[in-house]
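Contents: one structure, followed by commentary.
The values are calculated or read from the model by the stated rules, or taken from the named source; none is laboratory data. For clarity, every value in this text was computed on a predicted model and none was experimentally measured. Neighbour counts run over all protein chains shown; Cβ positions are idealised from the backbone, glycine included. With ligands, DNA and RNA removed, areas are computed over all heavy atoms of the protein, side chains included. Shrake-Rupley method; radii C 1.70, N 1.55, O 1.52, S 1.80 Å.
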Amino acid sequence: LTQTLLGVANATFETRAPRSFGGDDWDVLAFLVNSTADEVQLLVGELEAEREELQLAQGRLVQSEKLAALGRLAAGVAHEMNQPLTVIASLTDLVRLDPSKSVGACEEELAMIAEAARQLSRIVDSIRTFGRSGRSRMGSVDPVVAVRGAAQLLATRIQDHQIPFEWSVEEDLPEVVADVDRLRQVFINLIGNAVDATIAAPYRERRIEVAISASETHVVYSISDNGNGVSVENLPRVFEPFFSTKPVGDGTGLGLSVAHGIIIDHGGTLQYEPRSGWGATFSVCLPIHGLRQ
Ligand SMILES: Nc1ncnc2c1ncn2[C@@H]1O[C@H](COP(=O)(O)OP(=O)(O)O)[C@@H](O)[C@H]1O
Ligand SMILES: [Mg+2]
């Protein structure tokens, strides 16, 4: 009995008191002590699991606050950069294309400067999508429209690389509350990444699949590809602004963080779905119209 109670006292729960099963006082006592030890052990286990879950949730909160802060910083920087960039791009073109200026030998360099400035402008533009103040036009919409629009915009790339593109769309999907333009941006980023991933993977049967279904409360989109997927080391970073594993010039590292910001604004979630085998699946959940809190 003492050993069992000591086990409870220092939370090791190693021993249980031997019982005679004779029903005498000692046996009853042993039974009570043993079941107390069982119960306390169970509670301690539950508490530990809850504490772990709490720590994870706190970690996620810190992470999303960091993302939001980084997003605001990036949007501020982008805003400041826009003006000087426009000056560089337009003055370069002005000098280059002005017949009265003898550009001659520098023509090629000037063209490169103009192109670099335009590339920077594109990056700056996508960073500015972070700006939440941007006129948001929320309305109740068919959940499929934004995805179809994104797929249409990427159609030439998808065809050029001969990537089979499969749709699996449930019938009679309920409407979602969304800003279609911004939502389309999300799917352009997600499908764009899927295209990049399938192209980069060593040749195997290429495939991208878009599935849309509804749960009781949400419309769920999943965009899957059979590229190389996201490695365990990179997984915690993919939603960070400027995180990219693509060659410089190909990736800005902003696609997923912009998409994440937009989906949060819609009261939804954007996640990487772990799965076995090749490839990646990203899922978007949007609350059904009328159910958004
Ligand atoms: N479908 C995918 N398959 C594999 N890796 C992906 C996929 N989508 C995103 N990633 C990873 O996440 C990173 C960040 O994506 P993103 O924010 O869109 O930036 P970018 O596409 O410019 O690199 C990518 O560089 C890539 O490493
Ligand atoms: Mg991308």
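Values computed for the structure shown
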{"quantity": "Residue match in segment 112-126 (condition: among the basic types (Lys, Arg) and under 42 Å from the mean Cα position of the chain (by Cα))", "calculated": "yes"}
{"quantity": "Test: residue in segment 186-204 that is outside any helix (DSSP H, G or I) and near ligand 1 (Cβ under 10 Å from one of its atoms)", "calculated": "yes"}
{"quantity": "Candidate set from segment 3-43 (those that are part of a loop (DSSP other than H, G, I, E, B) and in contact with a Gly (Cβ under 8 Å, 6 or more places away or on another chain)); member that is least open to solvent (accessible area, probe 1.4 Å)", "calculated": "13"}
{"quantity": "Residue match in segment 276-293 (condition: within 14 Å of ligand 2 (Cβ to nearest atom) and surrounded by fewer than 18 Cβ atoms within 10 Å (Cβ to Cβ))", "calculated": "no"}
{"quantity": "Hits in segment 189-227 - residues which are crowded, with 17+ Cβ neighbours inside 10 Å, over 28 Å from residue 177 (Cβ atoms) and more than 15 Å from ligand 2 (Cβ to nearest atom)", "calculated": "206, 207, 226"}
{"quantity": "Sole residue being part of a helix (DSSP H, G or I), within 30 Å of residue 121 (Cβ to Cβ) and open to solvent by less than 60 Å² (accessible area, probe 1.4 Å), chosen from 91, 67", "calculated": "67"}
{"quantity": "So residue 46, is it loosely packed, with under 11 Cβ neighbours inside 10 Å and assigned to a helix (DSSP H, G or I)", "calculated": "yes"}
{"quantity": "Among residues of segment 147-164, those that are over 18 Å from the mean Cα position of the chain (by Cα), open to solvent by less than 50 Å² (accessible area, probe 1.4 Å) and touching a residue at least 12 places away in the same chain (Cβ under 8 Å), counted", "calculated": "5"}
{"quantity": "Unmet requirement for residue 236, which otherwise passes all of (1) touching a Pro at 6+ places or on another chain (Cβ under 9 Å); (2) open to solvent by 10 Å² or more (accessible area, probe 1.4 Å); (3) farther than 27 Å from residue 205 by Cα; (4) not in a loop (DSSP other than H, G, I, E, B)", "calculated": "(1)"}
{"quantity": "Residue ID - farthest from residue 67 (Cα to Cα), chosen from residues in segment 228-265 that are β-branched (Val, Ile, Thr) and away from ligand 2 (no atom under 13 Å from the Cβ)", "calculated": "248"}
{"quantity": "Of the criteria (1) within 14 Å of ligand 1 (Cβ to nearest atom); (2) of a type in the set (D, E, K, R); (3) over 18 Å from residue 255 (Cα atoms), which one residue 170 fails", "calculated": "(1)"}
{"quantity": "Where residue 143 falls short, out of the listed (1) farther than 25 Å from residue 254 by Cβ; (2) assigned to a loop (DSSP other than H, G, I, E, B); (3) open to solvent by less than 30 Å² (accessible area, probe 1.4 Å)", "calculated": "(1)"}
{"quantity": "Residues that are open to solvent by 70 Å² or more (accessible area, probe 1.4 Å), in contact (Cβ under 8 Å) with a residue 40 or more places away in the chain and more than 8 Å from ligand 1 (Cβ to nearest atom), drawn from segment 243-263", "calculated": "none"}
